[in-house]
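Below is one structure, written out as structure tokens; comments come after it.
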Amino acid sequence: MGNGKRTWLNVSVLSIAFVVIIFFNGMLDGWNKQAKTDTIAWETAYGRLSHPLYDPYDPYTLSESHGVLPGALQEEISAGHASPVLLTQASAYPGGRLINIVLKGIDPAQTLLEIPSGLMDSLPPDVRGDAIPAIIGARMARSAGLDTGDRMIVRWRDVNGVFDARDVIITGIFHTNVPTVDVNQVWIPLETLQEITGMQGEYTYVLLDRELAEKTGQSHGATYAGAWHYTDLDTLMKDIEAVVDAKKGGMMVISALLLCIALLAIFDTQVLSVFRRQKEIGTYIALGMTRGRVVTVFTIEGTIHALLAILLGSLWGIPLLGWIQKTGIPMPDMTDQAGLAVGDKIIPAYSMALIMATVVLVFITSLIVSYLPARKISKMQPTEALKGKLV
Amino acid sequence: MKNNAIVTLEGVTKRFPAGKGLFTALRDISLTFGKGEFSGIVGPSGSGKTTLLNIIGSLDTPTEGTATVLEKRISDLSQKQAALLRNEGIGFIFQTYNLLPVYSVYENVEFALLLQKINTTERKKRVMEALEWVGLADRVHARPSTLSGGECQRVAIARAMVKKPALVLADEPSANLDSDNSHHIVKTMKTLNRELGTTFLFSTHDEKVMQYLDRIIYLKDGAVDREEYPKDS
């Protein structure tokens, strides 16, 4: 293969690696950003004050983790800076089947979360009757076979351990990317849940808006919380971060393999170049170039592959990645089974830091693989090189 | 001539590893070359001509003895110092021209000056001057692949002379040229020798070159066999 064709092949492969690395990382960053934004909007707000016994990973704590809030926090709730939630385990019987659910009580008038709690009042009283109004997510509706206006029996244990059951009517179904507010969750008015469970004035946790979360974080929760635990946003986002980091690890392996293939091609080309241009190298030395300088020239020549690859990658990568960002990457339905916020589409996020980091990575790795074969020149005998013989 | 000596060789011996032993390419060579000489080292293939030229050109070092070129002892030079000596003081002309194929005629000649960090205007002046000497000022943009053998060698002469070195080493410069070109090349170098006072040292076994030399050193089996001064006879 001629030098020109070989160069362009190397450059093309390296440009593919360059674009793929940016794409993979952009996709994960986009997912991360989207998941965090959606989770904040639908589930966690900017911070959470929870009952000391509440453990979101242990459903058995739900029966004990409820209590009255400190007075100062009540004022924040009234002012709309915080939204309390009460949880209890329950069983639902849609169409005669049994589903274990978490009954979540929230103020229908709250605006802190995107949950359309206002839909709880959407059905007129004559339609609702005595049934408890409830809203559910689309996933819950699909799995339970429920629609707006459908009724089902819900059974729970109150604070004294006594079982009770009531009719619940679905007054609204919402669509969300956050499965943890959807799957097996039934949202009803907070006061209603407090009344039917005998937990008047009690909550499981309180979600905070940005301002209140910052204030609480600065004071380490002492001012408002009393014994309640404050969980900041970073901690609330830990699960998402962990999944994304795991995904990133896998993606980096693939990207690294692709990059290695491209760099191997450059390495081979450099080896061949040094071998074929011995006489030229000898001439450079005879003309007065130091060996170090000749090594530098060959290293720079090899590294130009990287510059060309970055330019070529930008040429076709920018329109392609821009189009993908505009249209989004559709996600299959099963992805929401992971329990994390994944939208129907992921919109990749390409930050300048990501692009620059990739440029630097490609450049430096190319520099190294270009330098390694060129080192041989420093050991070359110019007299032999002039004859075309490599020592 | 010693006070004008450009090159002084004292007991220069060069041995190379050859199989399990050593091959002696040069044996106890003691010679001096003065400013403005137009001399040649003549001998059959394998007599040590190129080896001697490589040592004088600081591309190699003697195993024994001393080689002093432009008042610098070759054995004592670091790589950088040797490169500097070649860059500023010595020009090379090779049998196979050794032009850089991706550069034009102008760029090939300019290359030697680029290493000296001379400004663009001065470089251009010197390159065109050198190309005028060899009669190729009208071929500045041509690539080596489009030139004849004689033209290539003239470019090589221009490249060697552009930095006005004190010493030019020409290793079998006419070996790949026909008779007419050979004469033309050597005459050109003779003219430069006369006009610029540059010392020319040839390695050759070509009679067409030898007839122009002022001094001929005959090598046989790595040692000086005899010296002749053709113009004196």
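The values are calculated or read from the model by the stated rules, or taken from the named source; none is laboratory data. Note that the structure is predicted; figures quoted are calculated from it, not measured. Every residue, glycine as well, gets a Cβ built from its backbone with ideal geometry; the counts of neighbours run over all protein chains shown.
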Say we look at segment B:103-123 and pick out the residues that are in a loop (DSSP other than H, G, I, E, B) and facing chain A (nearest Cβ under 9 Å); which of these is farthest from B:Gly149 (Cα to Cα)?
B:Gln116
Criterion violated by B:Lys14 - all others in (1) within 13 Å of chain A (Cβ to nearest Cβ); (2) charged (D, E, K, R); (3) surrounded by fewer than 23 Cβ atoms within 10 Å (Cβ to Cβ) satisfied
(3)
Scanning segment B:18-38 residue by residue, the ones that are out of contact with any Asp or Glu (no Cβ under 6 Å at 6 or more places or on another chain) and within 17 Å of B:Thr8 (Cβ to Cβ) total 10
Would segment A:54-64 turn up any residue that is of a type in the set (Val, Ile, Thr) and over 18 Å from the mean Cα position of the chain (by Cα)?
yes
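Out of the residues in segment B:194-226 meeting the condition of being assigned to a strand (DSSP E or B) and polar (S, T, N, Q), tell me which one is farthest from B:Asp178 (Cα to Cα). Even if it seems obvious, please write down each step before you answer.
Initially, segment B:194-226 is screened for residues assigned to a strand (DSSP E or B), giving B:199-204, B:215-220, B:223-226.
Narrowing the set further to residues that are polar (S, T, N, Q) leaves B:199, B:203-204.
Values: B:Thr199: 25, B:Ser203: 18, B:Thr204: 15 Å.
Here the residue is B:Thr199.
Of the residues B:Asn54, B:Asn87, only one is assigned to a helix (DSSP H, G or I), within 16 Å of the chain's Cα centre (by Cα), within 13 Å of another protein chain (Cβ to nearest Cβ) and in contact (Cβ under 8 Å) with a residue 60 or more places away in the chain; which? Explain how you work it out, then say what you get.
On the way: B:Asn54 fails: in contact (Cβ under 8 Å) with a residue 60 or more places away in the chain.
One residue alone meets the criteria, B:Asn87.
Counting only residues that are among the polar types (S, T, N, Q) and in a helix (DSSP H, G or I), which one in segment A:280-325 is nearest to the other protein chains (Cβ to nearest Cβ)? Give the steps one after another, and end with the answer.
Within segment A:280-325, the subset among the polar types (S, T, N, Q) is A:283, A:290, A:296, A:299, A:303, A:314, A:325.
In the following step, the residues that additionally are in a helix (DSSP H, G or I) were identified as A:283, A:296, A:299, A:303, A:314, A:325.
Values: A:Thr283: 4, A:Thr296: 13, A:Thr299: 17, A:Thr303: 18, A:Ser314: 26, A:Gln325: 41 Å.
The qualifying residue nearest to the other protein chains (Cβ to nearest Cβ) is A:Thr283.
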A:Arg276 passes all but one of (1) surrounded by fewer than 19 Cβ atoms within 10 Å (Cβ to Cβ); (2) over 15 Å from A:Leu386 (Cβ atoms); which number fails?
(2)
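Take the conditions in a helix (DSSP H, G or I) and polar (S, T, N, Q) and apply them to A:Thr269. Does it pass?
In short, yes.
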If B:Lys80 satisfies every condition in (1) more than 14 Å from the chain's Cα centre (by Cα); (2) crowded, with 16+ Cβ neighbours inside 10 Å; (3) facing chain A (nearest Cβ under 9 Å); (4) of a type in the set (D, E, K, R) but one, which is the exception?
(2)
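Mind listing whichever residues of segment B:57-77 are at the interface with another protein chain (Cβ under 10 Å from one of its Cβ atoms) and among the aliphatic types (A, V, I, L, M)?
Initial filter on segment B:57-77 (at the interface with another protein chain (Cβ under 10 Å from one of its Cβ atoms)): B:57-60.
Within segment B:57-77, B:Leu59 is the sole residue that qualifies.
Taking A:Asn100 as the residue in question, decide whether it is at pLDDT below 85 and surrounded by fewer than 21 Cβ atoms within 10 Å (Cβ to Cβ).
On the way: at pLDDT below 85: no; surrounded by fewer than 21 Cβ atoms within 10 Å (Cβ to Cβ): yes.
No: the conditions fail for A:Asn100.
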Name the pairs: first residue in segment A:245-274 and under 16 Å from A:Ala17 (Cβ atoms), second residue of a type in the set (Lys, Arg), Cβ to Cβ under 8 Å, at least 6 apart or on different chains?
A:Thr269/A:Arg6
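Residue under question is A:Leu49, and the condition is that it be of a type outside the set (S, T, N, Q), surrounded by fewer than 20 Cβ atoms within 10 Å (Cβ to Cβ) and under 30 Å from A:Ala227 (Cβ atoms); does it hold? Give the derivation first.
Values: of a type outside the set (S, T, N, Q): yes; surrounded by fewer than 20 Cβ atoms within 10 Å (Cβ to Cβ): no; under 30 Å from A:Ala227 (Cβ atoms): yes.
No; evaluated as a whole, the condition is false for this residue.
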